[in-house]
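In what follows, a structure is listed as structure tokens, so that the remarks can point back to it.
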Amino acid sequence: FIKRFREWKGNLEVQVSLDGPAFITDKNRVSGASERIPENLFGVLRELNDIELSTKVKFTWKVTLQPGNMEEMNASENLVDSFWQYFLALEKKFDEVNKNQNVSLQKGSFCPTLMVPGKYTSEDGGTFAKFLRNLHKKGYSSSYGHRFRRIMDFSDELHKRSMFTCSGGDSNFGVGLGNLHICHRTFYFDDERYVKSVLKSGIGNWDVSRFEQGAIDHINRYYIVPTSDEGEKRRFFYIMRGHHDYWRASLAYVSAMMIELSRAGQVLNCYESNEELRNLFA
């Protein structure tokens, strides 16, 4: 992908999905991933060393934790040090391997985020807050602390709902093999082999739960569109722009959903008859 753009004088950001040392990544993903992913990264760097780039390529870390990971580190604060030192060592090796002046790494971008979508409780929020507090007690900075310090700089923007919505289908799209996606989260949902393999895995993760609810069929029908079909792409853009740009469209959608849920007995009956309550919820 980078080679195709090497003569383009622009900026390309590459996200490296890595959750931490083996006690985290190998649990969240697959055994050996904590070693394999960095090996792949450094392999890419070695290839880029031999390529003359006009494009500026910046790598960033994408660290995703589950509540269980944070509970483990909260119980043994030495693991917090292991987590931090793991990424510092990788950043040091990045500098040693990288010889291309147009390739860089955003240092310190390994402050973790929570896995989304996810089913979280107030206890999980407390676990996350304790984890961040332990980071700060040890003198480690976090992107959350940085954001809170800058919150007043953006006080004029905080009322805009676009500041807090997903950028999928807004400023970002996912480009698959011949298809356009809202984001990378639906990659391979249009591959029957992938769907079948996940269903056989028996893992109680987000993918399986959504497949069982039949949402995958809905996604394939309306939200994964062929790049060669101009009509479908226009419909897709219209839907996504309507969701992101027009508040009333979003309110109307949520209101309609609440009526259906009320009739199905999934929410209180008052939502069917009370429009103000539905709009307040939306």
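No value in this document is a laboratory result; all are computed from the given coordinates. Since we're looking at a predicted model, the values are computed, not measured. Cβ coordinates were reconstructed from backbone atoms using ideal geometry, including for glycine residues, and neighbour counts include every protein chain displayed.
Observations, loosely collected:
- By average C-beta atoms within 10 angstrom, highest first, the peptides 57-65, 169-177, 264-272: 57-65, 169-177, 264-272
- Look at His243, His184, His218 and count the other Cβ atoms within 10 Å of each Cβ; fewest to most, that gives His218, His184, His243.
- Among beta bridges identified by DSSP and lying wholly in the chain, the antiparallel ones come to about 25 percent.
- Here is the tail figure for the stretch 63-198: Cα pairs spaced more than 20 Å apart come to 66 percent of all pairs.
- Calculated P(r) tail over 16 Å for the stretch 174-281, as whole % of Cα pairs: 68 percent
- The stretch 15-76 pair-distance distribution - Cα-Cα, 10 Å bins, rounded %: 20, 42, 24, 12, 3
- Amide H partners (placed H, <5 Å) of Leu12, local residues excluded: Lys56, Val57, Lys58
- For the chain, calculated [θ]222 nm from helices alone, where every DSSP H run of n ≥ 4 adds -39500 (n - 2.57): -15500 deg cm²/dmol
- Of the two radii for the chain, the radius of gyration is 0.98 times the Kirkwood radius, both from the alpha carbons; that is the Rg over Rh value.
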